[in-house]
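The values are calculated or read from the model by the stated rules, or taken from the named source; none is laboratory data. Being a predicted model, the structure only gives us computed values, none of them experimental. For neighbour counting, all protein chains shown are included, and Cβ atoms are generated from backbone atoms with ideal geometry for every residue, glycine included. Surface accessibility is based on the protein's heavy atoms, side chains included, excluding ligands, DNA and RNA. Shrake-Rupley method; radii C 1.70, N 1.55, O 1.52, S 1.80 Å.
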Amino acid sequence: MVTQRLRKEADAIWRRIFEHPFVVRLYRGDLPIEKFKFYVLQDFNYLVGLTRALSVIASKAEYPIMAEILELAREEITTEMKNYEELLSRLGFTLEDAIKTEPTLVNSAYMDFMLSTAYKGRWVEGLTALLPCFWSYAEIAEYHKDALKNNENEIYREWAQVYLSDEYLGLVKRLRELIDGNPGDYERMKRIFITGSKFELAFWEMAWRGRDVF
């Protein structure tokens, strides 16, 4: 399958993600809360960008795939964002705080990468740019699930458990099926997938530093 080949190509990057100190300490439960707050504010803005990219991707697909991608975009902007609003409140933020947060250079570049790929390429290439985000979160959760059992930080534990849910794993599976069933030029898809994976690693590093990586 194409997605399995892509995953193998990016394995060295993903292993660095799994062992990144932000990820390790988040799942262990001893990540400084200020680092998590910084991450959440940036991730909220990233999800807005991801939803925009999904809308563009859907416009390029034929029915019924168009409808499926639009439904995913709707879920992101309603259910997912609603969950984030609740998380923001628990962390002492308002929705306005998140909206006013200036995306970092890494975050802005990542969102621009997703949107430009969506605009310039086929819909399957647009989904390939987004896949490392969705898929790596599922693998991170699986990799650290034993640590999560002993995580005494309720906010961190509840946040992470989402990515072990049948619903989330089913979403990742469906995204992979869409890409595997409509493959394009492999070398181009590989470049897109690896770039997306590098952005995921850069995002975690940015969150760990609490600022841009440059």
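Where in region 151-184 does the label zone of Arg90 land, with the point 7 angstrom along Cα→C-beta and an amide N cut-off under 20 Å?
151-169
How much of the accessible area of the chain, probe 1.4 Å, is carbon plus sulfur, in whole percent?
In the chain, the share of accessible area belonging to carbon and sulfur is 52 percent.
Would you mind computing the Rg to Rh ratio of region 87-157 from its alpha-carbon coordinates, Kirkwood style for Rh?
For region 87-157, the value is 1.09.
Springs between alpha-carbon atoms under 10 Å, Gaussian network over the chain: tell me which of Gly92, Gly181, Gly121 tops the mean-square fluctuations.
Gly92
Rounded to two decimals, what ratio of Rg to Rh does region 35-86 give with C-alpha atoms and a Kirkwood Rh?
1.09
So how do 7-20, 127-140 stack up, highest first, on mean other-Cβ count within 10 Å?
Order by mean packing, descending: 127-140, 7-20.
Calculate the tail of P(r) for region 1-125: the fraction of all Cα-Cα distances greater than 20 Å, expressed in %.
Every Cα pair in region 1-125 considered, those over 20 Å come to 58 percent.
Hey, which lysines would be in cross-link range of Lys35, C-alpha to C-alpha under 29 Å, not counting anything within fewer than 8 residues on its own chain?
Partners found: Lys82, Lys100, Lys145, Lys149, Lys198.
Please compute the per residue accessible area over region 2-206 with all protein chains in place, 1.4 Å probe, rounded to a whole number of Å².
47
Wrap a convex hull around the Cα atoms of the chain, take a quarter of its surface area, and give that in square nanometres.
11.0
Return a whole-number percent for the relative contact order of the chain, with Cα pairs under 8 Å and 6 or more residues apart as the contact set.
Across the chain, relative contact order equals 37 percent.
If I model a spin label at Val24 and Leu105 as a point 7 Å from the Cα along the Cα→Cβ vector, what separation in nanometres do I get?
2.7
Gain in length, Ala12 to Arg188, computed as 0.36 nm per residue apart minus the alpha-carbon separation, to one decimal in nm?
61.5 nm
Stretch Arg74-Glu167 to full length: gain in nm at 0.36 nm per residue minus the Cα-Cα span?
31.9 nm is the gain from fully extending Arg74 to Glu167.
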